[in-house]
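Heads up: the structure comes next, in structure tokens.
Derivation of every value follows stated rules applied to the coordinates shown; laboratory data play no part. This one's a predicted model, so the numbers in the text were calculated from it and none came from an experiment. Note that each Cβ is placed from the backbone with ideal geometry, even for glycine, and that neighbours are counted across all protein chains shown.
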Amino acid sequence: MSHTTGFVDCYCGRRAALRTSWTDDNPGRRFHSCIQYTRGGCSFFDWEDPPMCRRSKAIIPGLLRRINTLKEEVKTLEGEVGELQRTNRKLFQFVVWLPCIFVVVVWIWSALTAVKKQNVEVPRNTNMLA
């Protein structure tokens, strides 16, 4: 038995795999089974851990469901954080470029104002040919 050696061989002569049950009747309980079980191996099965008490069987499945729910919530929140970070980068770029654009607009406006002040209007009724 594995409690003394740490290793168990299955009926095929291979080293059995140590697995964990996540059923409602045996949540978290470890067992040994044939490493080739899903690919036509033998039907070897042996529990590593002792049976669970009724209280554990009643509580652990609910806790596991809660953990899975929280993991999904974390995934959702991580996605939202990523989207907020992308939006934040775009806003930062906008805030960085906005003063630059403002300076350019003010510079162009002052240049146009200076040109208007220097412009001398030509009288319209002047006969240039005479």
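Structure summary
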item: Taking D49, D25 and counting other C-beta atoms within 10 Å, the order from fewest to most; result: D25, D49
item: The chain: relative contact order in percent, alpha carbon pairs under 8 Å with at least 6 residues between; result: 14
item: Mean residue ellipticity (222 nm) of the chain, computed from DSSP H runs ≥ 4 via -39,500 (n - 2.57), nearest 500; result: -19500 deg cm²/dmol
item: Estimated inter-spin distance, I108 and R14, nm [label 7 Å along Cα→Cβ]; result: 7.3
item: L70 paired with K116, simple spin-label distance in nm, labels 7 Å along Cα-to-beta-carbon; result: 6.6
item: Loop chymotrypsin sites (Phe, Trp or Tyr not before Pro), the range 1-75 (other Cβ atoms within 10 Å of the site Cβ: 15 or fewer; DSSP); result: F7, Y11, W22
item: Dipole magnitude (debye, nearest 20) for the chain, charges at Cβ of Lys, Arg, Asp, Glu; result: 220
item: Using alpha-carbon coordinates, inclination of helix 54-118 to the longest axis of the chain, degrees; result: 10
item: Which labelled figure in [x] 70, 35, 23; [y] 124, 36, 25; [z] 56, 26, 18 is Cα extents along the principal axes in Å, once derived from the coordinates; result: [y]
item: Contour excess over end-to-end distance, with Cα ends at V95 and V81 and 0.36 nm allotted per residue; result: 3.0 nm
